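Undergrad: Have a look at the structure that comes next, please.
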Amino acid sequence: MPSPLALVKLAVASARLVRDPDRLEEVFALADTLQQTEAIDAMLAHVRRDPQGARAVVERPRVRARLAALRALPDGTFGREVARFLDDRGLDPDALPDRPADDPRAFVRAHLYETHDLWHVATGFDTDVAGEVGLQAFYLAQLPARLAPLLLSVAMANTFLYRFDDAGPRMDAIAAGWRLGRAARPLFGVRWAELWEQPLAEVRARLAIPAGGVAIAAAA
C-alpha cells in the first residue's frame, strides 16, 4: 500500500494527466511513485515464471535504439520501422529516463521504460491517447502492472470530462489491447536488439501478434 505522501503524489500527477494526457513527465512521476518494493516484487515474481523473463532478469540486457544505425536498415525490418515510428512522432529515445539496472528490481523498471516504444511498434498501437490506452490494456493482460489500470482510469476520466467524442476509439483500443495481450507471447525480456534486422512481420509472428498488428486484431 503506498504511503500517505505517495498517495498525494499519485493524486496530483493523476489530476494533471486527466486535464492533459500528453504530459509525459506526469506518467514518469506516476510510474516512479507506484514502483514500491511490493509492486516490483509482484512483477518480478511474474516474469520469472516465464523462461524468457527469468533469463532476462539474470542477464539484464539493455536496449537503446540508435537511430542513425536503425535508419540505415532496409525498409520493412523491425529496426527500420522503429526508427520510422520515432522519427514520424518526433520522439528521441535518448530523452527517456536512464534507469540503473544493477539488481533484478531495478532491471524490471529500466527494461519497461526503455522498451515501451518497441512494444508500440511490435503491437501496432500509435501514440495518441487511444493508442496509449490500448497499449496499457496490453500491458495489463501480460503483467501485474499497477500503472496500467491507473493510466486507464485517468484516460477514462479525461474522456468523460474533456473528450467524450473520442470514447469509441479509446474503448475499441482498450478491448483490442486486452485481447492482443492475452493472445501474444510474453514481450517482457525479448532480446529486441537481436531483432533489428528481422522483418517486422516475422518479429510479430514470433510474438504471436498478427502481421498487421492491432489493426488486424481489432477487426477480428
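The values are calculated or read from the model by the stated rules, or taken from the named source; none is laboratory data. Because the structure is predicted, anything quoted here is derived from the model rather than measured. FYI the Cβ positions are ideal-geometry reconstructions off the backbone, even for glycines, and counts take in every protein chain you see.
Undergrad: Is there any pair linking a residue in the range 141-154 that is of a type in the set (Gly, Ala, Ser) to one that is not in a helix (DSSP H, G or I), with Cβ under 9 Å and at least six apart or on different chains, and which?
TA: Partner pairs satisfying both residue conditions: 141/184.
Undergrad: So residue 63 ticks every box in (1) part of a helix (DSSP H, G or I); (2) at pLDDT 75 or above; (3) closer than 27 Å to residue 129 by Cβ but one. Which box is left unticked?
TA: With (1) part of a helix (DSSP H, G or I); (2) at pLDDT 75 or above; (3) closer than 27 Å to residue 129 by Cβ applied to residue 63, the lone miss is (1).
Undergrad: Do you know which of the residues in the range 116-129 that are in contact with a Gly (Cβ under 9 Å, 6 or more places away or on another chain) and surrounded by fewer than 23 Cβ atoms within 10 Å (Cβ to Cβ) is farthest from residue 213 (Cα to Cα)?
TA: This residue is 126.
Undergrad: Let me ask something else. Scan the range 111-121 and tell me whether some residue there is of a type in the set (A, V, I, L, M, F, W, C), more than 20 Å from residue 21 (Cα to Cα), in contact with a Lys or Arg (Cβ under 7 Å, 6 or more places away or on another chain) and part of a helix (DSSP H, G or I).
TA: Looking through the range 111-121, none of the residues is of a type in the set (A, V, I, L, M, F, W, C), more than 20 Å from residue 21 (Cα to Cα), in contact with a Lys or Arg (Cβ under 7 Å, 6 or more places away or on another chain) and part of a helix (DSSP H, G or I).
Undergrad: Determine whether residue 112 is at pLDDT 85 or above and surrounded by 14 or more Cβ atoms within 10 Å (Cβ to Cβ).
TA: When the stated conditions are applied, residue 112 passes them.
Undergrad: Now for a different question. Report, by residue number, each residue of the range 87-106 that is within 15 Å of the chain's Cα centre (by Cα) and modelled with pLDDT of 90 or more.
TA: The one that is within 15 Å of the chain's Cα centre (by Cα) and modelled with pLDDT of 90 or more: 91.
Undergrad: Can you name every residue in the range 62-79 that is under 15 Å from residue 92 (Cα atoms) and buried (at least 19 other Cβ atoms within 10 Å of the Cβ)?
TA: Once the filter is applied, which keeps residues that are under 15 Å from residue 92 (Cα atoms) and buried (at least 19 other Cβ atoms within 10 Å of the Cβ), the range 62-79 yields 65, 70, 79.
Undergrad: Additional query: Go through the range 146-200 and give me each residue that's in a loop (DSSP other than H, G, I, E, B), modelled with pLDDT under 95 and crowded, with 17+ Cβ neighbours inside 10 Å.
TA: If the condition is that a residue be in a loop (DSSP other than H, G, I, E, B), modelled with pLDDT under 95 and crowded, with 17+ Cβ neighbours inside 10 Å, then 146 is the only one that fits.
Undergrad: Could you tell me whether the range 129-139 includes any residue that is in a loop (DSSP other than H, G, I, E, B) and out of contact with any Phe, Trp or Tyr (no Cβ under 9 Å at 6 or more places or on another chain)?
TA: no
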